[in-house]
Amino acid sequence: MANYFNTLPLREKLNQLGVCDFMDSSEFLDGVNALKGKKLVIVGCGAQGLNQGLNLRDSGLDVSYTLRKEAIEGKRDSWKNATENNFTVGTYEELIPNADVVINLTPDKQHTAVVKSIMPLMKEGATLSYSHGFNIVEEGMQIRKDLTVIMVAPKCPGSEVRAEYVRGFGVPTLIAVHPENDPQGKGLAQAKAYAVGTGGHRAGVLKSSFVAEVKSDLMGEQTILCGLLQTGSILSFDKMVEKGIDAGYASKLVQYGVEVITEALKQGGITAMMDRLSNPAKIKAFEISEELKDIMRPLFQKHQDDIMSGEFSRIMMEDWANGDQNLLAWRAETGETAFEKTPAGDVKINEQEYFDNYTLMVAFVRAGVELAFETMVQAGIKPESAYYESLHETPLIANTIARKKLFEMNRVISDTAEYGCYLFDQACKPLLGDFMKKVTTDLVGKNFNEGKDAGVDNRTLIAVNDAIRTHQVEQVGAVLRKAMTAMKTIKTA
Amino acid sequence: MKNLNNEQSHNNSLSFGEGWGEAFVSISTLNLKYQHKLVLKDLHWTILKGENWLLSGISGSGKTALAKAIVGLQSVSGEVKINFNTESLLPAKALFVESWYQFKNVEGVANFYYQQRYTSVQAKETLTVNAELMSYGKENNLAFADAEPILKALGFSALKNSQLIELSSGEHKKLQLVKALWLKPQLLIIDQPYTGLDAASRKHLNVLLDDVSAEGVQLILICNDAELPFCINRFATIEAGELVEMNSREIASALPEKYEREIPDFLKESPVYSSNNIVKMVDVNISYGEKQVLNNINWEVKAGEKWLLQGPNGSGKSTLLSLINGDHPQSYANTLYLFGNKRGSGESIWDIKQHIGLISPEFHWYFDASSTVWESIASGFYDTVGLFQHLPFSKSAQVDELVAYFGLTENKNELLSALPLGKQRMVLLARTIIKNPELLILDEPCQGLDLQQTQHFNQLVDELCSNGMTLIYVGHFESLLPNCLEKRIVLENGKVKVIERILEKNSIIEKENYSTLVEQ
Ligand SMILES: NC(=O)c1ccc[n+]([C@@H]2O[C@H](COP(=O)([O-])OP(=O)(O)OC[C@H]3O[C@@H](n4cnc5c(N)ncnc54)[C@H](OP(=O)(O)O)[C@@H]3O)[C@@H](O)[C@H]2O)c1
Ligand SMILES: [Mg+2]
């Protein structure tokens, strides 16, 4: 199978990358009607499968599950999840032929095999749905021409998809219709109804394309979300230990700091995060983040280029075929870092201290978010898509680090994200070698303001504030966050 | 009543051991301000060796704050000295058991929702009761064998393999009590020891409290209940920030006067029913794996009926109600009609909830703590936990009216979580009725309220119900029920034990006592 994106002429590539429309709530007035009375069959009952299915059924839709034979016979967890919640469960042969919509929620690595076995059983004119576009875009999976192919991708873990729905809200969601597979023109109406069924329409729905979703998702997760948070955490910890800061304190500062710092991001973007610093610290963080952006820009660009050309998917799938050799080696290496091995100390660090003593991480986050956003937009991805895959998701991932450090983060994210994260981390650490040599404990480990004059030059401060506030990620973010204000209380991932 | 600021003598029929007469806890000039309001004012309190106190009084008087100050959980000005007995075998600790329970998932965070315990998920999110007790025992060097009799006495043994998320509020309360009674700290303060406990458990708890007291644990119980352990020998309340001793246990017997405030007009309208059949259950069964929680339930609720639902802790009451409120995933495989429609015939859970106003201890516990008072009440129009939309003018005016009716105007922009529990509960009760629903489901609505608040709320329920509203009310405390109740369903071990007509309020009380005797 050929990479779908690479088969497109440039004009069409740009076309699809540029699909991005933040939908007005009036677009959802028809509710779930487009799917009412239709048979929805979900393949797989894992994190997304179970929770999306519970929501769709509670929205009045007819939902059942199909699992591979081994799962049914072995009464695996996926079988128990479905049957104990009173869903009908059957084999592919039993359920797929009558399904109006087949929803594929198996792990991405399995998609080619799964789709190959269910497609021949699907009835004429049915719909196949995904929550991620990797299989269609990167693996170039060809779907029968009579079938409609849609995507409904919640931008949160499955447990949040459920928790927010029962509160009466939802999580932000991307929807798309694959232009090669919309023979009856019903794809968009069905995708919208699906988003209503999972509650996504209450938190903001972005009309996207398979291509835009995949290319931006991969870029975000490799660079700012997982890659840079990992690199930044490891380097910060090592620096503190090198400078004689107590290892338990360092471990705690790094483990929880990134969550506290990015909480401000969630509420008020880069501006709010930077405003938590004193004026001198803000100016310093701004300066070093500019430096970091210059150092890391070529690496971000390389990742974006490899994602666009399909090179990234190629080497990753090669590694899958190779029994995950690199992935497993890098995973083991991450598990053996000093940060991972040092338990957080029994010290109290108050909220403001996380900002004052960890200015370096604030700089990393600003540099990473802005660079990822800028690089995506330069590559033809629209700002709204770029926002979701950079700034919006950063606090969600930071949360997983706070829970159990990097191992936990890499366990929760997809294999694709994990592979990309290690790839970035391996390249980024040496790149920052010279930069890190200059870093002292006022940036990481001790209060930046200690022993310093609190005064700043007016013009410098105004210029710095201006640069932060007028960045495009801030302007787009302000609009999108407004739609999600009720997300304020989400405790994620 | 006498003011305790002066040293005084008192009669006591109990015999005291060694050390009698010595001060165990000495509190002097305690002051606490909360938002400009003085909660505790130069408070003095001396607890002598051998004394066990009851601290009662109205909601918001500062009882909880005082207790927290004693154990160091609340910063105050003034002095608290605890003179632990160094010779005692009991741990030299002052333990405060909160009226609220808290637990985390295995990863250390807690983002739960109240329906979560009804959903089966194989990946276990929370610890089991057993694992929780094991780690508590280890942390405090306790022998597991010592916990067994306590578990047994409180009817908790069968829950050892349950996950924390699966426990009801009454069961969480028991878990807290088990831990405290197992630890036997020299000073044990329990805030609302009886909330959520059924009649039998309350009796057993009193026996257990008398036992630990005999072993040397000194108690402070914070509640307004009348049936106390025998060991309680001193009584006090907080008035205007000062501790006031009372003579005996005739504490809360004075009935408050009738609430004279007129209910808002929009709550006087009779509900419009789309069907005369509110609930119909035919042979309903609910189970988790091997464990059957509801067993062949047949029950019908007609429009305008007022039901009392009763049963011991763990008998299936909350599960039964979750079926009606559209909160139970297993509804879809049962024969259940709600508001005239078969469940699972294309309706959404929001279609169902639109007819219902619901409150339960679990609902309160998992409610969005970051909402303001006003937003919490307004969210009742949309059945959401937290407010996600702007209210049209007429609805927002109704919220204002109800806020005023409940006397919450000065709190309306405060965060719900910043209020004392009793006040929070009042807010959620207002939320429950804001849309003047066809069906009110009140699962222990008055937990955490003082006697007067309870009487007033029940009076409001009577008024609302006189306009034709349908009611299902869960209450353990027979004396504190609304008058309008006319039918009763009793569950036991997941089965319907009794369905009957209630003739007079007094006749229930007799029967309830009778069935309590049978239970034992
Ligand atoms: N997790 C997220 O945060 C997130 C967010 C948005 C979108 N998504 C997307 O949602 C989809 C599902 O992800 P997930 O995280 O929910 O996966 P998951 O939790 O790993 O669940 C996978 C399910 O698929 C089944 N399965 C595994 N291999 C299979 C095979 N070869 N054939 C048939 N069934 C198989 C598993 O059941 P058995 O092993 O018992 O058969 C299990 O029920 C992916 O496309 C992912 O990109 C995920
Ligand atoms: Mg992603």
| remark: Between residue B:283 and residue A:472, the two model label points (7 Å from Cα along the beta-carbon direction) sit apart by a distance in nm of 6.5 nm
| Ranking of B:87, B:242 by count of other Cβ atoms within 10 Å, fewest first | B:87, B:242
| request: For chain A, just give the cysteines left without a disulfide-compatible partner, judged by no other Cys Cβ under 4.7 Å. | output: A:20, A:45, A:156, A:428
| Angle, helix B:129-139 long axis vs. longest principal axis of chain B, Cα atoms, 0 to 90°, nearest 10? | 20 degrees
| note | If every Lys and Arg gets +1 and every Asp and Glu gets -1 at its Cβ, then about the Cα centre the range B:10-253 yields a dipole, in debye to the nearest 20, of 500 debye
| remark: Expressed in angstrom and rounded, the centroid-to-centroid distance over alpha carbons for the range B:258-282 and the range A:106-179 is 44 Å
| remark: Rounded to the nearest 500, the 222 nm mean residue ellipticity computed for chain B from DSSP H runs (n ≥ 4, each -39500 (n - 2.57)) alone is -8000 deg cm²/dmol
| message | How many angstrom lie between the Cα centre of the range A:1-66 and the Cα centre of the range B:20-80? | response | 59 Å
| task | Would you compute, from DSSP H runs of 4+ residues alone, the mean residue ellipticity of chain A at 222 nm, taking -39500 (n - 2.57) per run and dividing by the full residue count, rounded to the nearest 500? | result | -17500 deg cm²/dmol
| message | Quick query: amide H of residue B:497 versus all other amide H atoms, modeled in the peptide plane; which residues come in under 5 Å with a sequence gap of 5 or more or a different chain? | response | B:490, B:491, B:492
| request: List, in the order given, every pair from A:38/A:80; A:405/A:437; A:123/A:302 whose Cα-Cα distance in the structure shown is over 32 Å. | output: A:123/A:302
| message | 5 Å is the cut-off here: which amide hydrogens, built 1.01 Å from N in the peptide plane, fall below it relative to residue A:60, excluding neighbours closer than 5 in sequence? | response | B:349
| request: Could you check the simple spin-label distance between residue A:461 and residue B:136, using points 7 Å along Cα→Cβ, in nm with one decimal? | output: 5.2 nm
| Relative contact order (%) - chain B, alpha-carbon pairs under 8 angstrom, separation at least six | 16 percent
| Per 5 Å bin, what percent of the C-alpha pairs of the range A:69-185 does each bin hold, from zero upward? | 2, 10, 17, 21, 21, 17, 10, 2, 0
| request: Using the Karplus curve 6.51 cos²θ - 1.76 cosθ + 1.60 with θ = phi - 60°, work out ³J(HN,Hα) for each residue of the range A:319-330 in order, rounded to whole Hz, and write x for Gly and Pro. | output: 5, 4, 5, 8, x, 6, 4, 5, 3, 5, 5, 5
| task | For a footprinting-style exposure proxy, rank A:358, A:256, A:4 by other Cβ within 10 Å, fewest first. | result | A:256, A:4, A:358
| note | Taking a crude spin-label model, label points 7 Å out from Cα along the C-beta direction, the residue B:85 to residue A:3 distance in nm is 7.8 nm
| remark: For chain B, any Cys whose C-beta has no other cysteine C-beta under 4.7 angstrom counts as unpaired, and these are B:223, B:231, B:446
| task | Using the Karplus curve 6.51 cos²θ - 1.76 cosθ + 1.60 with θ = phi - 60°, work out ³J(HN,Hα) for each residue of the range A:10-25 in order, rounded to whole Hz, and write x for Gly and Pro. | result | 3, 4, 6, 4, 5, 3, 6, 4, x, 6, 6, 9, 6, 7, 6, 5
| field | Karplus-derived HN-Hα couplings along the range B:299-308 (A = 6.51, B = -1.76, C = 1.60, θ = phi - 60°), whole Hz, x at Gly and Pro | value | 7, 10, 10, 9, 3, x, 6, 10, 10, 10
| said: Just want the answer: with Cβ charges of +1 for Lys and Arg and -1 for Asp and Glu, which residue in A:447, A:339, A:475 is farthest toward the dipole's positive end in the range A:212-482? | reply: A:447
| Could you give the length gained on full extension between residue B:395 and residue B:296, defined as 0.36 nm per residue of separation minus the Cα-Cα distance, in nm? | 31.5 nm
| request: Give me the Kirkwood hydrodynamic radius of the protein assembly as shown, using the inverse of the mean 1/r over all pairs of distinct Cα atoms, in Å to one decimal. | output: 31.2 Å
| request: Would you pull out the residues with amide H under 5 Å of residue A:174's amide H, same chain only if 5 or more places away, H placed 1.01 Å from N? | output: A:153, A:155, A:206
| remark: By the C-alpha gyration tensor axes a ≥ b ≥ c (rounded if a/c is under 1.5, else prolate when a/b exceeds b/c, else oblate), the shape of the range A:212-482 is oblate
| said: Test of understanding: ordering B:44, B:328 by Cβ neighbours within 10 Å, fewest first, what list do you get? | reply: B:44, B:328
| How far is helix A:187-197 tilted, in degrees, relative to the longest principal axis of the Cα atoms in chain A, given as a value from 0 to 90 rounded to the nearest 10? | 70 degrees
| task | Determine the alpha carbon to alpha carbon distance for each of B:49/B:93; B:353/B:435; B:353/B:487; B:138/B:179; B:317/B:435; B:124/B:174 and list only those over 18 Å. | result | B:353/B:487; B:317/B:435; B:124/B:174
| query | When Rg is the radius of gyration of the Cα atoms in chain B and Rh is its Kirkwood radius, what does Rg/Rh come to? | reply | 0.96
| query | Which FRET efficiency, nearest 0.05, do residue B:276 and residue A:321 yield, Cβ-Cβ r, R0 60 Å? | reply | 0.35
| Whole-Å distance, taken between Cα centres, linking the range A:184-245 and the range A:359-428 | 8 Å
| request: Pop the C-beta distance of residue A:290 and residue A:338 into the FRET formula with R0 = 25 Å and round what comes out to the nearest 0.05. | output: 0.30
| task | First measure r as the distance between the Cβ atoms of residue B:495 and residue B:332, then evaluate 1/(1 + (r/R0)^6) with R0 = 22 Å and state the FRET efficiency to the nearest 0.05. | result | 0.50
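No value in this document is a laboratory result; all are computed from the given coordinates. It should be emphasised that the depicted structure is a prediction, and the values quoted were computed from it without experimental measurement. Cβ atoms come from the backbone with ideal geometry, glycine included; neighbour counts cover every protein chain shown.
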